[in-house]
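The values are calculated or read from the model by the stated rules, or taken from the named source; none is laboratory data. No experiment lies behind these values; they were computed from the predicted model shown. Cβ: placed from backbone, ideal geometry, glycine included. Neighbour counts: every protein chain shown.
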Amino acid sequence: MSLVLFFFGPFFFKASHPPSRQRRLFVSVMDAIGPKRDNPPFREKSLFMTAKIIDGKALADAVRAELAEKVAALKATQGITPCLAVILVGADPASSVYVRNKVAACEKAGFRSIKEVYPADVEPIVVLGKIAELNADPDVHGILVQLPLPRQFDTEAVLEAIVPEKDVDGFHAENVGALMQCNPRFIPCTPYGVMKMLESAKVPLKGAEAVIVGRSNIVGKPMAMLLLAQSCTVTVCHSQSKDLAFHTKRADILVAAVGRAKMITGDMIKPGATVIDVGINRTADGKLCGDVDFESAKEVAGAITPVPGGVGPMTITMLLANTLESAERTLK
Ligand code: GUN
């Protein structure tokens, strides 16, 4: 087996990896047949490769530093401070943390932020009234209503109430349609962040098999549109998909966005694939984890995003980018 890999391993991996990774895989195969070959755990690991980590936190820090410079310039030259208004209804712990992080990120990068918090039993008309007020305020450039909303709300009606020009989430029907037509006004923040991560990791997209697990309006569907626009062959899987592993094992790029802890395991991943984990879940012992079982996946994947420190920081970063973009458009 070792000899076979020595001769054919580099050729086997050649098709799906750029040169630097080929080299690393080759070294890995050499390791497997080297002095430690009698050590089964070592050999088992080395037949594949410990994946490159796509560090979303580092990328987010770099992009946010650039955004902060642009914000400072906009203030200095035009007297405009980009402003994001965030509306939170209820006290869902996860939503409260997300909103707190969004507001903190605004402040750190020099944006102004407005945070409106309502009790879970608020009448929808009260929230709609606030949205109308924010729509009319020329000093507010982005409006975001944290989802999910309590039962008494018609979520679609709330999202449609935000003027499309301030819909920095990209959830308004007009903006969803514009994205489908490859003419986006605002790209939804999570898939936008994922695209930036793929770009920074230099993942080839043209002709790649991209499989998305999850069909939500927030992630799965816009993710499909963005990958399709980059000429990937896109498959969207969901809770009713038959033989999920059949699909995921074909993926050069696998995006997990189902909201089920560690659902995607290493045996469901094509060797060398890029694995993007959008999930944020908690294990029984309270630890954060993604939709991907990181420990088994990293032994098979070519590149992988961690949780935490992967997609999450990039989502907030792209929200800032959209808000800045909205503020800049007021000058045009
Ligand atoms: N809830 C989970 N993700 C998001 C998001 O990207 N935007 C909003 N508004 N709510 C969310």
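Brief remarks on what is shown
- Checked against the criterion of being outside the structural domain of Ala210 (by TED's automatic domain parsing), surrounded by 22 or more Cβ atoms within 10 Å (Cβ to Cβ) and at pLDDT 95 or above, the candidates Leu227, Leu331, Leu320, Leu254 yield just one match: Leu320.
- Test: Arg185 is basic (Lys, Arg), under 17 Å from the mean Cα position of the chain (by Cα) and modelled with pLDDT of 95 or more: no
- Residue count for region 280-317 satisfying the condition of being surrounded by 19 or more Cβ atoms within 10 Å (Cβ to Cβ) and within 16 Å of the ligand (Cβ to nearest atom): 12.
- Looking at Leu59, Leu47, just one residue is more than 16 Å from the ligand (Cβ to nearest atom) and modelled with pLDDT under 95, and that residue is Leu47.
- Test for Pro138: is it modelled with pLDDT of 95 or more, out of contact with any helix residue (DSSP H, G or I) (no Cβ under 6 Å at 6 or more places or on another chain) and under 21 Å from Arg329 (Cβ atoms): yes
- Count - residues of region 213-260 that are in contact (Cβ under 8 Å) with a residue 40 or more places away in the chain, away from the ligand (no atom under 16 Å from the Cβ) and among the hydrophobic types (A, V, I, L, M, F, W, C): 5
- Of the candidates Ala85, Ala105, the single residue that is within 16 Å of the ligand (Cβ to nearest atom), over 27 Å from Leu288 (Cα atoms), outside the structural domain of Val219 (by TED's automatic domain parsing) and surrounded by 20 or more Cβ atoms within 10 Å (Cβ to Cβ) is Ala85.
- Matching residues in region 186-242 - criterion: being more than 21 Å from Val292 (Cα to Cα) and β-branched (Val, Ile, Thr): Ile187, Thr233
- Of all residues in region 45-61, those being assigned to a helix (DSSP H, G or I) and either crowded, with 21+ Cβ neighbours inside 10 Å or within 25 Å of the chain's Cα centre (by Cα) (or both) number 7.
- Selected residue [more than 23 Å from Ser216 (Cα to Cα) and at pLDDT 95 or above] from Leu144, Leu74, Leu88: Leu74
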